Every structure is written in structure tokens, then in C-alpha cells.
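S.K.: Mind having a look at this structure? Questions to follow.
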Amino acid sequence: MSACTSKPEDRVTEMSQTVKHNPLKKDERQLAELDRRIVLATQSGLPVVAEPYRIIAEQLGINTQLLMDRLETMKADHRIRRIGVVPNHYKLGYTANGMSVWDVDDTFIDEAGEQLGQLDMVTHCYQRPRFPPEWTYNLFAMVHGHDRDEVLQKVSQIADLLGSKARKHDILFSTRILKKTGLRLKDKG
Amino acid sequence: MMDALDRNIINTLQHDFPVCDRPFAVLAETLHSTEDELIARVQTMLDSGLLTRFGPMYNAVNMGGALSLCAMKVPEERFDEVTAQVNAFAEVAHNYQRDHEMNMWFVLATETQQELENTLAAVADHTGIPVYNMPKQKEFFVGLHFKA
């Protein structure tokens, strides 16, 4: 059993040594193709078993260490955000969610974004383009709560925190999920 | 009902699941449980819908794909018709109705930027309603996840 603490860099080095005889471009293409197959094999989830990576590696016809190396590489370059679970936030009792939108002076956008990201119950925080005059908001923060009041309270705390950095804000509550299929890479075969 | 171990699993696994031969065995040490128990708990929570996913979360944009949040002002009387038109696009990953003049918000995910542009144009064309394209320009760090 390999230790979870082994450094991914070491394994990447090992691997690049094993393929160093081939022209670089071909290696890159092969790795890209392998990564694509890994995404297709894991995008709907990992098997819930003692050795999930071995099962996936067998499906792909590669060895487990190579699969783990590629996953670590994709984590390191942020193609994978993280490996883990996603809870259904409704079932955890967070039944209200509001998309709070803020008109922040561009000068302060980084400061404001970082402040918001650190708050409890803000799960996404992005700068997005404005469409004046219809849409002047450039900072989006998804705020979750156990009910609407909690979300409103949170948003008013954010307003206090941002003070004069935010010229205007609004909150858009979702009233219906119209579609939720998640992101899927198409299998080109 | 969730117990302390379920909550602990949810809170821990929202942050990271180890990459190694026996990840559940490694987690069992920190969670003061056993490999078999953790496997059973995760499977039960997936079956009950308390967990919606277990595995790697891919970042579509860093995978070379394109992703954008789009908004539309849909007239009330056309809302259901437009929902069907928009949802018919496979590139639409999520779609939410929100209580605002901009009342339809959907996420487009495609493998290339060109496909994204084409889909945007097609949605506007099929529905006859302008689409506001709001891709993220910057993502800010979010420290916390849902506390179970």
C-alpha cells in the first residue's frame, strides 16, 4: 500500500523518465488522451470500494500508480478542483440560496472578492462583466442559509462589510430549478 | 438521520479525499472509524441523496473547455416555452428561475470557446430573446464548505 504522503512530484519525475525516449510532442498528446479517458471514466464518480483507483485503472487498462500520478498532476494544475464529496445542501437544511450581486468600483474588486470569499455560507464568488445600463453588478456571491431570513441577514452583513465599496446590490433568490445535469464531457469514442 | 460520524465524513470529504491505494483506510485513522464502516456510510449517503457526488470535481475551464453563466429576461407568459427551448441544448448544464427581471439563469459548458459562442447565438436565435453572457473574469477563493 503506497503512503498517501508520498510527494506527487517524485512520481511525476519517475514517470517522465520512463517516457523520455519518445519525442515530447507525442508524449504530450498521449498524456492528453490518457487524461481525457480518465475524465470520462471518473466524471460521474469513483466506485465506493476499498481500492477505487485500482478499479478505475483496470477499466482503463493502465496501472494504478499511473492513474494516481495523473490525478495528482491534474490536481496540481487545477484541472481537478478537488477529489471528495458534494453534499445535497437542501438535505443538510440549507434550503434557501440567494445570488447576491454587487456593483463594486473596479479599483476595489479584489479586496471585496477576497473579503466575501472568507464569509460563512458564501460558496461561489466571482467577478463578471457588467452590461450597463441594464446590469451594473460585477461581483457575484452565492449565499446559502437555512431560510430566506438568514440569507437576507447575511447579505446585509456583507453590505456593512463592503460599506462604500459597493454602490448598489441586489439579491436574486432561485424560485425553481429548471435543469441540473452537471458538466459532462462528451465521449467522442 | 445523520449521526456524528456522518457529519464528520461530510465535513472532511468536502475538502479532500486522498489519492493512494487504500484511501478509506487512511481516512479511517483520522475519523476514528474503520475502512469498511466509511465505505458503507458513504454508499448509504449517496443512495439516500444526502451526497450527490463522490469523486474528482473537474474544472471545465482548466480542462480547456468553456463555461459561462448566462441570463435572460423571459416574458412571464413565455416562461415554460422558453425553458423547454433552452433546456433542449445539451450544453446547458444548470438552469434556474430567479425572482428578478433577469429571471432565467443558466450555465453553458462546452469543450471549446467556439462552441460556447455558437450555442449562445443559437439560444438567442431559437428563443428570440437576447442572452447576457457573463463568464467569470476572476474567481475568488472560497474558504468554507457546507457544515453538516
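Taken together, the values in this text are just the output of simple stated rules run on the coordinates, not laboratory data. Remember, predicted model here, so these are calculated numbers, not experimental data. Heads up, the Cβs are rebuilt from the backbone with ideal geometry, glycines too, and the neighbour counts pull from every protein chain shown.
S.K.: Using a simple spin-label model with points 7 Å from Cα along the Cα→Cβ vector, what separation in nm is obtained for A:Gln157 and B:Leu46?
M.R.: The answer from the label model is 3.4 nm.
S.K.: Residues in region A:152-174, backbone N under 15 Å from the label point at B:Lys138 (7 Å along the Cα-to-beta-carbon vector): list them, ranges by number please.
M.R.: The answer is A:165-166.
S.K.: Also, quick follow-up: Order these by the 10 Å Cβ neighbour count, fewest first: B:Ser48, A:Ser174.
M.R.: B:Ser48, A:Ser174
S.K.: So, one more: Which Cα, out of B:Gln97, B:Pro23, A:His124, lies furthest along the positive dipole direction of the protein assembly as shown (beta carbon charges, K/R +1, D/E -1)?
M.R.: Of the candidates, B:Pro23 comes out farthest on the positive side.
S.K.: Relative contact order of chain B: what whole-number percent is it, with Cα pairs under 8 angstrom and at least 6 residues apart?
M.R.: 26 percent
S.K.: Right, something else. What does the extension gain come out to for A:Ser164 and A:Gln118, with contour length at 0.36 nm per residue minus their alpha carbon separation?
M.R.: That works out to 14.6 nm of additional length.
S.K.: Sticking with this structure for a sec: Is any residue of region B:38-76 close enough, with backbone N under 18 Å, to a label point placed 7 angstrom from the Cα of A:Ile55 along the Cα-Cβ axis, and if so, which?
M.R.: B:38-57, by backbone N distance to the label point.
S.K.: Assuming a ≥ b ≥ c are the square roots of the Cα gyration tensor eigenvalues, decide whether region B:4-48 counts as rounded (a/c under 1.5), prolate (otherwise, with a/b larger than b/c) or oblate.
M.R.: rounded
S.K.: How far apart, in nm, are two points set 7 Å out from the Cα along the Cα-to-Cβ line at A:Glu111 and at B:Glu76?
M.R.: The two pseudo-label positions are separated by 4.2 nm.
S.K.: May I pose another question? Straight-line reach from A:Lys25: which aspartates and glutamates have a Cα under 17 Å away, not including same-chain ones fewer than 8 places off?
M.R.: Qualifying aspartates and glutamates at Cα under 17 Å: A:Glu33, A:Asp35.
S.K.: What does the charge dipole of region B:66-134 about its Cα centre add up to, to the nearest 20 debye, if the Cβ of each Lys and Arg holds +1 and the Cβ of each Asp and Glu holds -1?
M.R.: It comes to approximately 120 debye.
S.K.: Tell me, B:His126, B:His32 in order of fewest to most beta-carbon neighbours within 10 Å?
M.R.: Starting with the residue having the fewest Cβ neighbours, the order is B:His32, B:His126.
S.K.: Continuing with the same structure: What spacing in nm lies between the two simple spin-label points modelled at B:His32 and A:Thr95, each 7 Å away from Cα in the Cβ direction?
M.R.: Each label point is offset 7 Å from its Cα along the Cβ direction, giving 3.3 nm.
S.K.: Taking 21 Å as the cut-off for C-alpha to C-alpha distance, list the pairs among A:Lys179/B:Lys73; A:Lys75/B:Lys138; A:Lys91/A:Lys179; A:Lys180/B:Lys138; A:Lys26/A:Lys75 that go past it. Mind showing how you got there, number by number?
M.R.: Details: A:Lys179/B:Lys73 17 Å; A:Lys75/B:Lys138 19 Å; A:Lys91/A:Lys179 18 Å; A:Lys180/B:Lys138 24 Å; A:Lys26/A:Lys75 23 Å.
In this structure, A:Lys180/B:Lys138; A:Lys26/A:Lys75 exceed 21 Å between Cα atoms.
S.K.: Shifting gears a bit: For the protein assembly as shown, what does the helix formula give at 222 nm: sum of -39500 (n - 2.57) over DSSP H segments with n ≥ 4, over the residue count, nearest 500 deg cm²/dmol?
M.R.: Numbers: 11 runs with 132 residues, N = 337.
Mean residue ellipticity, 222 nm, calculated: -12000 deg cm²/dmol.
S.K.: Under 12 Å Cα-Cα from B:Lys147, which aspartates and glutamates qualify once same-chain neighbours fewer than 8 residues away are excluded?
M.R.: B:Lys147 reaches A:Asp120, B:Asp6.
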